[in-house]
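Here's the structure we're looking at; comments come further down.
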Amino acid sequence: MTERTLTPVLTRRWAAPRSWTIDTYTRLDGYTALRTALAADPDQLIQLIKDSGLRGRGGAGFPTGMKWGFIPQAKPGEQPTGPAAKPTYLVINADEGEPGTCKDVPLMMADPHSLVEGCIITAYAIRAHRCFIYVRGEVVHCLRRVHNAVKEAYAAGYLGSNILGSGFDLDIVVHAGAGAYEAGEETALLNSLEGLRAEPRLKPPFPATSGLYAAPTVVNNVETICTVPYIVNGGSDWFRTMGTEKSPGPKIYSISGHVQRPGQYEAPLGTTLRELLELAGGMKGELKFWTPGGSSTPLLTTKHMDVPLDFEGAAEAGSMLGTTAVMVFNTTVSVPWAVMKWTEFYEHESCGKCTPCREGTYWLTQILQRMVRKEGTPSDVETMLDICDNIFGRSFCALGDGAVSPIRSGIKYFRQEFLDLCAQQSGHPRQAALSGSVR
Amino acid sequence: MRSEEPLAGSSINSANNKSANHDEPVDSPAFTARPVAAEEIPDQAAPTTLSTAQDVPVERPLQVDTGVFDELTRQRAQEIIARYPQPRSALLPLLHLVQSVEGYVSQAGISFAAELLELTTAEVSTVATFYTMFKRRPAGEHLVSVCTNTLCAALGGDEIYAGLCKKLGVGHEETAGRPGSSGSITVEHAECLAACDLAPVLQVNYEFYDNQTPESAVALVEALQRGERPAPTRGAPLTDWRHTELQLAGFFGEPQELRDAVDGPSAAPETLAGNRLAEEKGWTAPAMPGNPPPLPAVADKK
Ligand SMILES: Cc1cc2nc3c(=O)[nH]c(=O)nc-3n(C[C@H](O)[C@H](O)[C@H](O)COP(=O)(O)O)c2cc1C
Ligand code: SF4
Ligand code: FES
């Protein structure tokens, strides 16, 4: 087996002096892909991204070219009707909030122009003239850097009307969120951008035909869009030299927790935890459990160190690739405690629109808190699994499904630890967790 | 998202703000109807009734004075609205603007946003109470947000939060010192702040202070209380929370101020860990072809 190496593509400029400025960006090949793109037919770009096999980096892994291809386009020479007659929007999901996920924030801080260039190319491909970058409110430094990059791009003629003489017009608005994990769900994001509560919308209709202001809309993640200029410059064959057949390309793995050198490691999709740990200087302590891509992706254990971390590999191992947020925990960490903390998160962030998630996360939190206080009973484990069954697949959006991931996988691999905790009842008078509790 | 506190100055009953529908229990006349311009109100003191299209009598709103928002703020509000194809999209930035003036989402701020966007105050309130960054009570000069999500907590975030609460004698979203006065500090526990590789982290006015310890966090708030502004690990030179709120509304000041803020540090060693390792080992991504390869042909358009 050859040694696993890093493949800095998106992270290549990060260490350059003042990497966030247009000068550094253009000096390091920035805005070259834009010229190629603007000289092409938009459909060629959509085809290129389809050929590249690029899949969304926001968690779900949906094929990006296919998403762009869903935007209804008027046939040449015909009067557009229906959705094709409305303006098309591009919305960038920069609301990074999935616990463990910390890739879009450093990417936007270090190289905001790659996002801007990606937006222009994407907008041109889907024929959008307005783009909104929805940045999580709490990361104000990203907001500044992206705002500044957009300003610089306008001044350089890369934004505005008749970009580089191509006849193509694009305006970008940088928009700050206000604190809500659920606003990262794409339809909730659109509601939030329309000035509503960040509650998701029923699908269908999908954003491709009825998105922002009920007009055709593409929503893509920051890392997805930042990848686009490289594919234009390198071509789909080059892109496919990294990663696997179904999960091609490089990916920013964010390694956090009990490792020697936590941080951002860009490697081909399909890299394993064993390899990542080696790159990160090894464990601090002994590995106990980890997530491949954020708290919504089921936990894995020491048995899964050689699982290729691509979309297929993670799924075959019973988890999901998610956002490649690799959180690593050693044997000092209690699984029930960690699961309780995550469940408290989902309970807090549940938007309240649907009953299974709103009520279920509440009761799960009650049970877990009681258990961690050493007031649990062995039947609590089954009760939790039962509640999970009532949330999973029955919730309105994927937050509900994500909320049960830590619990189900935690119990699957560490059931005895939950039972042992319940057996250690401290003898406090037990509060009934499921009766008479007032919200 | 459950709101534990009603909006300050209002009597909206939002004890369980999670309720799926938007018509929350309302018991204040201020939340029952569209605000009415002052000159249309014959007697401001006495709430009267007013017929709606459906001829249902509703109570006339009590007039809320929005005079606290000066000409500059009103200009900024118009600039925000002009950014969007539809005015309502301006609501979140407008509420950030309100906080930059008032230090929280005040009743006047709700009326201000409602008037500008031709919404009811209820429509604005239901949005304001949904998002955690919109504060219902006046906040301190500085807002300290400690990440207590799992990863940070496992590395000490819970102790940092508990230590700060003890040191300041406050709990979640409470303020030590008179809100807004110099050295006043509001504390909150925050969800994952997208900085897990730098755990445990906290933010002051949303600027990052990475790799904290209970001791370093206490030393930081002591400095803030003394009126000092220690530089963040990643972010712009520290100002105060209201100033950050103005930036969240999209106003970054004079070009020089923007430049200084933009140039605040961002590349922590963790950020560059992979980058540095690749450099050390001489690893690169596969080389791109010398010239961009020709783009794929597209099928003739039907
Ligand atoms: C609760 C929830 C939170 C999400 N948060 C984010 C987020 O912060 N950033 C993101 O890009 N996608 C997030 N997503 C995924 C988006 O719904 C969507 O799939 C993604 O933005 C599409 O972009 P992509 O195809 O480029 O990945 C979230 C999904 C859910 C259900
Ligand atoms: S699953 Fe239901 S309650 Fe939970 S966030 Fe989604 S829509 Fe809201
Ligand atoms: S868990 Fe604290 S920043 Fe992610």
**OP:** Would you mind stating whether B:G235 is free of Cβ contacts under 8 Å to residues at least 40 places away in the same chain and more than 30 Å from B:E79 (Cβ to Cβ)?
**Re:** no
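Going through segment A:48-77 one residue at a time, which ones are part of a helix (DSSP H, G or I) and more than 25 Å from A:N162 (Cβ to Cβ)? Reasoning before the result, please.
So in segment A:48-77, the residues part of a helix (DSSP H, G or I) come out as A:48-52, A:64-69.
Hits for segment A:48-77 are A:K50, A:D51, A:S52, A:T64, A:G65, A:M66, A:K67, A:G69.
Consider segment A:300-311. How many of its residues are over 17 Å from the mean Cα position of the chain (by Cα) and either within 16 Å of B:C196 (Cβ to Cβ) or not in a loop (DSSP other than H, G, I, E, B) (or both)?
Of segment A:300-311, the ones over 17 Å from the mean Cα position of the chain (by Cα) are A:300-308.
With the extra rule that they be either within 16 Å of B:C196 (Cβ to Cβ) or not in a loop (DSSP other than H, G, I, E, B) (or both), the set shrinks to A:300-304.
Total meeting the criteria: 5.
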Original post:
Considering only segment B:171-190, how many residues are under 25 Å from B:S266 (Cα atoms) and either touching a Cys at 6+ places or on another chain (Cβ under 7 Å) or in contact (Cβ under 8 Å) with a residue 60 or more places away in the chain (or both)?
Top reply: 2
Original post:
Of the residues A:G157, A:G179, A:G167, which single one is touching a Phe, Trp or Tyr at 6+ places or on another chain (Cβ under 7 Å), part of a loop (DSSP other than H, G, I, E, B) and on the phi > 0 side of the Ramachandran plot?
Top reply: A:G179
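Looking at B:F69, B:F134, which one is within 12 Å of another protein chain (Cβ to nearest Cβ) and either within 16 Å of ligand 1 (Cβ to nearest atom) or aromatic (F, W, Y) (or both)?
None of the other options fit; the residue is B:F134.
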Original post:
Conditions: (1) crowded, with 16+ Cβ neighbours inside 10 Å; (2) out of contact with any strand residue (DSSP E or B) (no Cβ under 8 Å at 6 or more places or on another chain); (3) more than 7 Å from every other protein chain (Cβ to nearest Cβ); (4) not in a loop (DSSP other than H, G, I, E, B). A:D23 meets all but one. Number of the miss?
Top reply: (1)
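Of all the residues that make up segment A:45-79, how many are under 24 Å from B:A297 (Cα atoms), more than 8 Å from ligand 1 (Cβ to nearest atom) and not hydrophobic (A, V, I, L, M, F, W, C)? Outline the logic, then answer.
Quick first cut of segment A:45-79, residues under 24 Å from B:A297 (Cα atoms) only: A:45-56, A:62-78.
Among the residues that remain, those that are also more than 8 Å from ligand 1 (Cβ to nearest atom) are: A:45-54, A:63, A:65-66, A:68-78.
Now narrow it down to the ones that are not hydrophobic (A, V, I, L, M, F, W, C): A:47, A:50-53, A:63, A:65, A:69, A:72-73, A:75-78.
The total comes to 14.
Being more than 16 Å from ligand 3 (Cβ to nearest atom) and more than 22 Å from the chain's Cα centre (by Cα) narrows it down to one residue among A:S166, A:S192; which is it? Working first, answer last.
Working: A:S192 fails: more than 22 Å from the chain's Cα centre (by Cα).
Result: A:S166 is the single residue among A:S166, A:S192 that is more than 16 Å from ligand 3 (Cβ to nearest atom) and more than 22 Å from the chain's Cα centre (by Cα).
Among the listed residues A:P8, A:P17, which satisfies the condition of being in a loop (DSSP other than H, G, I, E, B) and more than 8 Å from chain B (Cβ to nearest Cβ)?
Details: A:P8 fails: more than 8 Å from chain B (Cβ to nearest Cβ).
Checking each option against the conditions leaves just A:P17.
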**OP:** Return a yes/no flag: does segment B:146-156 have any residue that is within 16 Å of ligand 1 (Cβ to nearest atom), small (G, A, S) and within 10 Å of chain A (Cβ to nearest Cβ).
**Re:** no
Subject >> Residue match in segment B:203-217 (condition: modelled with pLDDT of 95 or more and within 8 Å of ligand 3 (Cβ to nearest atom)) >> reply: no
Original post:
Can you name the condition, by its number, that A:A125 falls short on among (1) outside any helix (DSSP H, G or I); (2) more than 26 Å from A:E266 (Cα to Cα); (3) aliphatic (A, V, I, L, M)?
Top reply: (1)
Original post:
Within segment A:191-206, is there a residue that is within 14 Å of ligand 1 (Cβ to nearest atom), touching a Pro at 6+ places or on another chain (Cβ under 7 Å) and at negative phi?
Top reply: no
Original post:
Within the set of pairs 6+ apart or on separate chains, which have a first residue in segment A:228-245 that is under 15 Å from A:Q44 (Cβ atoms), a second that is surrounded by fewer than 21 Cβ atoms within 10 Å (Cβ to Cβ), and C-beta atoms under 6 Å apart?
Top reply: A:V232/A:T36; A:N233/B:M288; A:N233/B:P292; A:G235/B:P293; A:S236/A:D51
Original post:
Got at least one residue in segment A:248-258 being surrounded by fewer than 22 Cβ atoms within 10 Å (Cβ to Cβ) and either part of a loop (DSSP other than H, G, I, E, B) or β-branched (V, I, T) (or both)?
Top reply: no
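Among the residues of segment A:271-299 satisfying the criterion of being at positive phi and surrounded by fewer than 24 Cβ atoms within 10 Å (Cβ to Cβ), which is farthest from the chain's Cα centre (by Cα)? Please lay out each step first, then the result.
From segment A:271-299, those at positive phi are A:281-282, A:285, A:294; that's our starting set.
From the residues that got through so far, the ones that are surrounded by fewer than 24 Cβ atoms within 10 Å (Cβ to Cβ) too are A:281-282, A:285.
On the way: A:G281: 26, A:G282: 26, A:G285: 29 Å.
My answer is A:G285.
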Subject >> Among residues of segment A:176-206, those that are away from ligand 2 (no atom under 16 Å from the Cβ) and buried (at least 24 other Cβ atoms within 10 Å of the Cβ), counted >> reply: 3
Subject >> Of all residues in segment A:271-290 being more than 22 Å from A:K412 (Cβ to Cβ) and not in a helix (DSSP H, G or I), the one that is nearest to the other protein chains (Cβ to nearest Cβ) >> reply: A:A280
Original post:
In segment A:323-419, which helices (runs of 4 or more DSSP H) lie fully inside it and hold 3 or more residues that are within 16 Å of ligand 3 (Cβ to nearest atom) and either among the aliphatic types (A, V, I, L, M) or within 22 Å of the chain's Cα centre (by Cα) (or both)?
Top reply: A:335-349
Original post:
How many residues are under 24 Å from A:R145 (Cβ atoms) and touching a residue at least 40 places away in the same chain (Cβ under 8 Å) when one looks only at segment A:65-110?
Top reply: 21
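Filter segment A:134-159 for residues that are more than 12 Å from chain B (Cβ to nearest Cβ) and touching a strand residue (DSSP E or B) at 6+ places or on another chain (Cβ under 7 Å); which is surrounded by the fewest Cβ atoms within 10 Å (Cβ to Cβ)? Walk me through how you get there before you give the answer.
Step one: of segment A:134-159, the residues more than 12 Å from chain B (Cβ to nearest Cβ) are A:153-154, A:156-159.
Filter again for touching a strand residue (DSSP E or B) at 6+ places or on another chain (Cβ under 7 Å), leaving A:154, A:159.
Values: A:Y154: 14, A:L159: 22.
Out of the qualifying residues, it is A:Y154.
The values are calculated or read from the model by the stated rules, or taken from the named source; none is laboratory data. This one's a predicted model, so the numbers in the text were calculated from it and none came from an experiment. Every residue, glycine as well, gets a Cβ built from its backbone with ideal geometry; the counts of neighbours run over all protein chains shown.
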